[in-house]
Amino acid sequence: MHLSSLYRFPLKSAAGEALQQASSDVLGLVGDRRWMVVSAGTGRFLTQRAVPRMALLQARWQGTQALRLSAPGMDDLDVAVPDTTTMRCVQIWSSNAVVPDAGEAAAAWLTRFLGQACRLVHLPVEEGIQVDLDYAQLGERTAFSDGFPFLLIGQASLDDLVQRVGRPLEMLRFRPNLVVSGAAPYAEDGWKRIRIGQLEFRVVKPCSRCVIPTIDPATAERDAEREPLATLLGYRKGEGGVFFGQNLIAEGSGELVLGMPVDVPE
């Protein structure tokens, strides 16, 4: 087995980017989901669930101190990593955080593109969000993810789903960080620990799926037949949701490079 794809999502719920290699830190992949769009009025996070148009947003790091926003019909905008001059209280699911606001230019740009008043915020690495203590140890943190630092999917699992649906599906619909090839379909369901190169992970929880995989990453249009969620409902439904992929927590930090061997010690 080997690491066959590696993805980063600098801005939560915006388009992802494929990487050849990446470093990890205490929050996950370096630069992954360190930015988030929130409602200007409430501070609550915005995602493709309610704003499918976010799929068309691209956010790419420019070095380590700025993010470039791009979208159809918009001029690119470079946004500097903000200092702590203006702080904003934000909510992501049941967690709250006070984080730096990225300023008026970014807010105006996103408000224009998304059609609703919003703000852009940044999460410094030292301000990570505690992972659910039902699955993690005190002090294990994540960025603006939906709950965990890493998401892994087996390539064979997607291949099996594609065969069941009867048409191609992009892996990016499922927004994983790590894709492993060389295992049987859904083999990841039975893993407890894995090693990629020298970096070890605990496999802590199956990933419950929402409506986002029904949104075409290239067009932001929702599938009229609710695929692939409709097919997943037929054979991947369990207590608490429909599951596809596994959430991971890394034990330490390190480097990840495409082609690295993947071992399953437990």
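Quick notes on this structure:
- Scanning the range 95-112 for residues that are farther than 15 Å from Val38 by Cβ and either out of contact with any strand residue (DSSP E or B) (no Cβ under 7 Å at 6 or more places or on another chain) or exposed (fewer than 13 other Cβ atoms within 10 Å of the Cβ) (or both) yields a total of 1.
- Residue count for the range 1-37, restricted to those that are part of a loop (DSSP other than H, G, I, E, B), in contact with a Gly (Cβ under 9 Å, 6 or more places away or on another chain) and either free of Cβ contacts under 8 Å to residues at least 40 places away in the same chain or surrounded by fewer than 21 Cβ atoms within 10 Å (Cβ to Cβ) (or both): 2
- For the range 52-63, a residue qualifies if it is at pLDDT 95 or above and out of contact with any strand residue (DSSP E or B) (no Cβ under 8 Å at 6 or more places or on another chain), and the qualifying residues are Arg53, Leu56.
- The range 149-183: number of residues that are part of a loop (DSSP other than H, G, I, E, B) and surrounded by 22 or more Cβ atoms within 10 Å (Cβ to Cβ): 4
- Among (1) under 30 Å from Val125 (Cα atoms); (2) in a strand (DSSP E or B); (3) not charged (D, E, K, R), the one test that Val242 misses: (1)
The values are calculated or read from the model by the stated rules, or taken from the named source; none is laboratory data. Keep in mind it's a predicted model, so treat the numbers as computed, not measured. All Cβ positions, glycine included, derive from the backbone under ideal geometry; neighbour counts span all protein chains shown.
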